[in-house]
Structures are given as C-alpha cells and as structure tokens.
Amino acid sequence: MGKVLWKPSEERVREANMTKFINYVNKAQSLTIDSYWQLYEWSTKHIPDFWATLWQFVDIKFSRKYDEVADDLGRFPGVKWFPGSRLNFAENLLRHRDDRSAIVFKDESQQSVTTSYAELYEQVARLVASLRDIGLAAGDRVCGYMPNFPDTIIAMLASTSLGAIWSSCGADLGPVAVIDRFAQIEPKVLFTVDGYYYKGKAFDISSNVEKIAKGLSSLKKVVIVPHLTSSPKIETIPNGTLWNEFLSADKRSEIRFEQLAFNHPVYIMFSSGTTGQPKCLVQGAGGVLLNHLKELILHTDLKQYDRITYITSPSWMMWNWLISSLAVGATIMLYDGNPNHPDWHTIWNMIDEEKLTILGCSATYLNSLRSAHARPGEAHNLSSLREISQTGSTLSADSFEWVYHEIKNNLHFNSISGGTDINGCFAIGNPTISVYAGELQCPGLGMKISAYDDAGKPVFDREGELVCEAPTPSMPLFFWNDPGSQRYLDAYFSFYKPMGKNVWRHGDYIVLHSDTHGVTFLGRSDSVLKPSGVRIGTSEIYAIIEKLPQIVDSLAVGRDWEGDQRVILFVQLAPEIKLTDELKVKIRRVLRENASPRHVPALILQTPSIPYTFNMKKVESAVRNIINGKPVTNRDALTNPESLLYYERIADALRNE
C-alpha cells in the first residue's frame, strides 16, 4: 500500500458534494450506499440509473426531457444518449445573472479585470445578436485563435448559444498548425487578436492572423480583439472587423438559446498532431456538460463560493473544463502569460491576492517549482487554498509528497487523468477518501475502467493498458470527415477486437491497485520501452532520475537496434552542470538500484531542451520517430519546435556510428 498523504476530516466528508450525492442517490433509488466504492460500483453496473440521477442532481436546464437515458448500451460506440431531450449548452453556463464575479482576468502585468455574471450575460447577448445578423446558424463552425482571456469565453458562449460548434487554439500556436486544424472543419467565423504577452514581451501576431484568414476560404467574418494596441491595422485581413465594431449596440437584448438534441455537437477538439494531421474529435453538448458537472461538482467539490483557476490556454481541453465552472456559479480566474514570470511567486501571489480556493496546474509546472527550489508554503499565506488539481502528464510519488511538504499539508491534492478525446477524466480525485503518494484516488463515477494485459485479460497490481468497458456520454460522437467512422474505430476500438473484447483502449499504461483502488499512471502506452521485450513505462525512469538535483528534465525513447530495442535517455541539466562520466555513472546506478537493470539506458545524452505540446506533455513520439528515421509532421503543434533540431543532429550521428 502506498503512503497516505492526506485524509479528509469528518467535517470535510460531511460537507462534500459527493456525500450529498450519495444521500440523493439513496433517496432517489431506494438504496443504502454508504461509501464511494459502493457508489462507483452502482454507477458502472446501473449505468442509465446513474446518469439519470446525476442529470437531476446537477440540475441540467432543458426545454424537453429525455424519453430514455440510452437507446442501446450494447452499441459501443454509437449509443444515443438521452434521446428526445432538448437543451442548450451555453444556457446552462449562463444560468446565473447576478452581480457576483463570474470571471477575474490577470495577465503578466498583474492588473485584474472582473466581469460579473450580469455583465457576462449582457456581453454574450450582444455578440449573439451580431452573429445572428451575419446568418450564423446551428451546426456552423466558429473558431477562436485567442489568448486565455474573457473575450474568448464570450465568443464561445455566444457561438454555442446559437448551436454553432466551437473550436479553439491558443494565440501562441503557429499559423501552419492552426490552418492544419481549422481548415478541416471549414469555419464560418474566426475570433482572434492582434497579439499577446509572454515572459514580459509583446508578440504581434497580425501576420499570422493574415495567413490564417487567407488560408481558410470558408470564413465569412474575422473578428479581431485589440489587445496590444487600441487600433490594430486590419486592412490586409479578408473580411476583418474589430470586436467593438462587430458587437451589437443593444445592451438590453435577451438571448434566444437554440434548443438542440443532447448529442448536438458543441466542441471540435484536436489531437496533438505531432506525428500526422490532427484528428478532429466532435463532442456532444449534453455529454460534455453532464460529464464536466460530474467532475467539477462531485470530484472537485466545486461550490458556488469557490474561486477556481487552471494554468491553461484555449489550445488545451482544461480550458473547456474550467469554463464549465460557470454553470456552478463559481468565480473563474483566468491567467494569461508565463506562470513563472517574472519568477515562481507569480501564481502564488495571485492565490493570496484573489483568495483562490482551487488551483489547477500541470505536472510540468509543479516540477518547475521543484527545480527552482520553490517553497510556496513558506513564502505565502495560502489560507484560502483548499485544493490543487493536477494533470497533463504523470507525476511521481515523490512529487506528490513535495506538494504536501512544500505547499500545504492539509489540502486535497486532486490528481486527474483522461484526455482531450473525452473532454474529461477516466481517473480522478475524491474529497471524501485518502490521497496516496503517486496514485490518482479513484476511477471517475460512471467510468468502467480496467487494466488489460496483452491478452486482453484484466490485471491488478501490475502494468496494463487502460481500457473503458462501457460507453459514457462524453466520448466523441465521431471524427470530422471520417466516413464510416473507420478512423474512430481504429483509434480506440480495434486493438482488442481480435481478442473478442469490445472496449475503448485509451492509450495509457497504468496500474490498478487492489488495496487502495487507486490508479498509477505510467505514461502513454505508445511510448512504453521494450528492451529485450520487457515493458518499461518512461515515467518510471523520470520519477527516479529527476530527483537528482543536476537534472531539470528528461526524455527516454527506444531505438530499434539489431532486432531489439535499446533505450536512449536525454537529460536536460541545471545551469552550469555538464554531463560528465561521473554523472552518467550516478544516473545508471540510481536507476539500477531503484528500478532494475532493464531501466538502465544504453546511451545517455545531454539535451538543451525537451519538446512539449501546448498542453504540456513531453513529445516522446516525435523524438522516437526522429531517432528511428521516421518523419515528424506538424512541428508547429509544439511549444518549442526548434528543440527537434538537436535530435535530428543526434539521429544523423547515430546512423553514422
């Protein structure tokens, strides 16, 4: 059993939304559930009853109730959820219209701008009127090439109020990557900006916007938000107009929310696109809404008085997830810029000043704090902070402990994992049970997950593939431009078909613990190393060597070698540190002693930087392709595409050895 790091108090358990939901389920279903694990078992065995009860508990707004919860759960994929119901995604997020703070925005200047719920509704209503005037209708696509600021939320809510399908990329994404994504879905409207700020510098993206606008022939309107200057030049942008000129002058209009089917598309999300054209994942309004509210209200314990943030951008699904907090009536804190500019105190100053209660961040951010020897709990008050949510990539047990030692010892550390694919989580936290080092606390309610071995048999306490054995409402409806859904089936359902298993294979390598019921994530299964046929999760290597003070970051890949595979470990070192023979010996020793001889790399090389996607995941697949002489496309999908030049030089050297 892992080390217990936190146990909720009796009061915390009693006041948790999860406890209230258990009581609600018992009353509604005439049950006697008294623990999360009984609730979870019921939610995966009585799937229609669970989702119907959740619908009532989170108070979904609708104009017509459903005829049944699911038409055929055996049709996986392809089940129709809540047929007959009519609702609107944005209406559920705009149900609060009072003077409480809906959004607080800060950038690197640290000046904050607050938007109340009443102001948010008014601004969305004005934009809805403008979009109606240009003929935008349900099913049309609207895209955002925007920073993480309130106008992005307003544009999304206005679009989805009309039943349009929203898709977005952060303003820091390159124009080629943006066109690769948006051209596939032929948007009618593009919302964008003249630039953004990062690490104290202004980045004018007007030329990018021009390239994108000219590269998307479907566009009828390009709406530019002035951000760097009050009057950006837009003459060269086809169909370009400024936000304030486009926005309706009528401040008293009411929104007529289009009432649509539960499965009407709301978002098109994109796969990372680091090794091929990004896949376009079409997600339904009702499924995303219901699943987000499950995760926010029950698993995150979000309440109306909370103030929540996530260090994210519109390129990452955690932006979509965060924005659904509006449906709860909580206050969303948006931060745009580098979270460590001008130093690591930035986010922690914001927590103290804004009295944030829930901080969301990536494993990469927490590891950057460790590398900087930051001690937030010592340098800051943090009295308001009761929860940290973490995702993006795997986090070691040692880093779990660091959170409790160096940030706060009585908070709920809510490590979560799922994916862009489902716009949510398969495994997640729970405010009513203990946190164990290195483990996500539990599978999410309604998510019937398992770990399979290579033969398709469930396994516990050893590595296996994460699968989901039953459909859930937020799984993609389909892929855009995928006749017959063949790409969809190949992506998730084909792997275990020859073994007679009809399950969703997610592509993560995990351990399900039989004692705690928690889940340890070991990394993407397509990046698993197999020296001499023995499977090794790359996170097992990272968790050990990144404890060494000389190592800032690392990346391990397998190189095909004489019918086998040998492991190459790239290490990014702290300033002024060199990769000496002595340090190589130390790295090999700690891996051998703390893992196994199989974990010891055949080659250790010093790298200037590790490539990352915009949702802060290490791009092992791109480096593996380069090392093995395979192509890498869509480099603009990386935050630092220039980093690949180093690996290309190394690949050339290895081929010539």
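Any chance the stretch 314-326 includes a residue that's surrounded by fewer than 23 Cβ atoms within 10 Å (Cβ to Cβ), polar (S, T, N, Q), under 16 Å from the mean Cα position of the chain (by Cα) and modelled with pLDDT under 95?
Scanning the stretch 314-326 turns up no residue that is surrounded by fewer than 23 Cβ atoms within 10 Å (Cβ to Cβ), polar (S, T, N, Q), under 16 Å from the mean Cα position of the chain (by Cα) and modelled with pLDDT under 95.
Of D560, D515, D553, D508, which residue is in contact with an Asp or Glu (Cβ under 9 Å, 6 or more places away or on another chain), part of a strand (DSSP E or B) and either over 30 Å from L73 (Cβ atoms) or of a type in the set (A, V, I, L, M) (or both)? Spell out how you get there, then give the answer.
Numbers: D560 fails: in contact with an Asp or Glu (Cβ under 9 Å, 6 or more places away or on another chain); D515 fails: part of a strand (DSSP E or B); D508 fails: either over 30 Å from L73 (Cβ atoms) or of a type in the set (A, V, I, L, M) (or both).
Selected residue: D553, the only one of D560, D515, D553, D508 that is in contact with an Asp or Glu (Cβ under 9 Å, 6 or more places away or on another chain), part of a strand (DSSP E or B) and either over 30 Å from L73 (Cβ atoms) or of a type in the set (A, V, I, L, M) (or both).
Quick one: is I308 more than 19 Å from F413 (Cβ to Cβ), β-branched (V, I, T) and part of a strand (DSSP E or B)? Lay out the reasoning, then the answer.
Details: more than 19 Å from F413 (Cβ to Cβ): no; β-branched (V, I, T): yes; part of a strand (DSSP E or B): yes.
No: the conditions fail for I308.
Based on this model, can you work out whether S112 counts as under 30 Å from M156 (Cα atoms) and either modelled with pLDDT of 95 or more or of a type in the set (V, I, T) (or both)? Break it down into steps so the answer makes sense when it comes.
On the way: under 30 Å from M156 (Cα atoms): yes; either modelled with pLDDT of 95 or more or of a type in the set (V, I, T) (or both): no.
Taking the combined requirement at face value, the residue does not satisfy it.
For every residue, the table says whether it meets (1) outside any loop (DSSP other than H, G, I, E, B); (2) in contact with a strand residue (DSSP E or B) (Cβ under 6 Å, 6 or more places away or on another chain); (3) farther than 15 Å from M146 by Cα; (4) of a type in the set (G, A, S).
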{"position": "F203", "(1), (2), (3), (4)": "yes, yes, no, no"}
{"position": "S218", "(1), (2), (3), (4)": "no, no, yes, yes"}
{"position": "V222", "(1), (2), (3), (4)": "yes, yes, no, no"}
{"position": "I234", "(1), (2), (3), (4)": "no, yes, yes, no"}
{"position": "S248", "(1), (2), (3), (4)": "no, no, yes, yes"}
{"position": "E258", "(1), (2), (3), (4)": "no, no, yes, no"}
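Just need a number here: residues in the stretch 538-581 that are more than 31 Å from the chain's Cα centre (by Cα) and surrounded by 14 or more Cβ atoms within 10 Å (Cβ to Cβ).
So the answer is 5.
Kindly provide the set of residues from the stretch 83-98 that are in contact with a helix residue (DSSP H, G or I) (Cβ under 6 Å, 6 or more places away or on another chain) and assigned to a loop (DSSP other than H, G, I, E, B), ordered by number.
Correct list: L94, H96, R97, D98.
For the stretch 21-52, give me the residue count where each residue is farther than 23 Å from L73 by Cα, surrounded by fewer than 19 Cβ atoms within 10 Å (Cβ to Cβ) and in contact (Cβ under 8 Å) with a residue 24 or more places away in the chain.
The total comes to 1.
Output yes when any residue across the stretch 588-602 is crowded, with 20+ Cβ neighbours inside 10 Å and closer than 29 Å to V178 by Cβ, and no when none is. It would help to see each step written out before you state the result.
First, pick out the residues of the stretch 588-602 that are crowded, with 20+ Cβ neighbours inside 10 Å: 591, 599, 601.
So of that shortlist, the ones also closer than 29 Å to V178 by Cβ come out as none.
No, because not a single residue in the stretch 588-602 is crowded, with 20+ Cβ neighbours inside 10 Å and closer than 29 Å to V178 by Cβ.
Out of all the residues in the stretch 483-534, which are under 22 Å from L440 (Cα atoms) and of a type in the set (D, E, K, R)?
Once the filter is applied, which keeps residues that are under 22 Å from L440 (Cα atoms) and of a type in the set (D, E, K, R), the stretch 483-534 yields R505, D508, D515, R524, D526.
Under 7 Å between Cβ atoms, which residue pairs at least 6 apart in sequence (or on different chains) link something in the stretch 248-264 that is under 19 Å from V288 (Cβ atoms) and touching a residue at least 12 places away in the same chain (Cβ under 8 Å) with a partner that is part of a loop (DSSP other than H, G, I, E, B) and among the aliphatic types (A, V, I, L, M)?
Cβ pairs passing all conditions: E258/A138; E258/L162; L260/A138; N263/L477.
Please go through (1) outside any helix (DSSP H, G or I); (2) within 25 Å of the chain's Cα centre (by Cα); (3) of a type in the set (S, T, Y) for S159 and return the number of the only condition it doesn't satisfy.
(1)
Mind counting the residues in the stretch 622-643 that are within 20 Å of G558 (Cβ to Cβ) and either modelled with pLDDT of 85 or more or crowded, with 18+ Cβ neighbours inside 10 Å (or both)? If you could, list the steps in order and put the result at the bottom.
In the first step, residues of the stretch 622-643 are kept if they are within 20 Å of G558 (Cβ to Cβ); the result is 622-632, 643.
Next, only the ones that are either modelled with pLDDT of 85 or more or crowded, with 18+ Cβ neighbours inside 10 Å (or both) stay: 622-629, 632, 643.
The total comes to 10.
Name the single residue that is farthest from S168 (Cα to Cα) among those in the stretch 254-273 being surrounded by 23 or more Cβ atoms within 10 Å (Cβ to Cβ) and not aromatic (F, W, Y).
Of everything passing the filter in the stretch 254-273, L260 is farthest from S168 (Cα to Cα).
Looking at (1) of a type in the set (G, A, S); (2) in contact with a Leu (Cβ under 6 Å, 6 or more places away or on another chain); (3) without any contact (Cβ under 8 Å) to a residue 24 or more places away in the chain, find the lone condition where S231 falls short.
Going through (1) of a type in the set (G, A, S); (2) in contact with a Leu (Cβ under 6 Å, 6 or more places away or on another chain); (3) without any contact (Cβ under 8 Å) to a residue 24 or more places away in the chain one by one, S231 breaks only (2).
Go through W37, W42, W55, W51 for me and flag whichever is part of a helix (DSSP H, G or I) and touching a Cys at 6+ places or on another chain (Cβ under 9 Å). Working first, answer last.
Details: W42 fails: touching a Cys at 6+ places or on another chain (Cβ under 9 Å); W55 fails: touching a Cys at 6+ places or on another chain (Cβ under 9 Å); W51 fails: touching a Cys at 6+ places or on another chain (Cβ under 9 Å).
Result: W37 is the single residue among W37, W42, W55, W51 that is part of a helix (DSSP H, G or I) and touching a Cys at 6+ places or on another chain (Cβ under 9 Å).
The values are calculated or read from the model by the stated rules, or taken from the named source; none is laboratory data. Remember, predicted model here, so these are calculated numbers, not experimental data. As a convention, Cβ positions derive from the backbone with ideal geometry for all residues, glycine included, and neighbour counts pool all protein chains shown.
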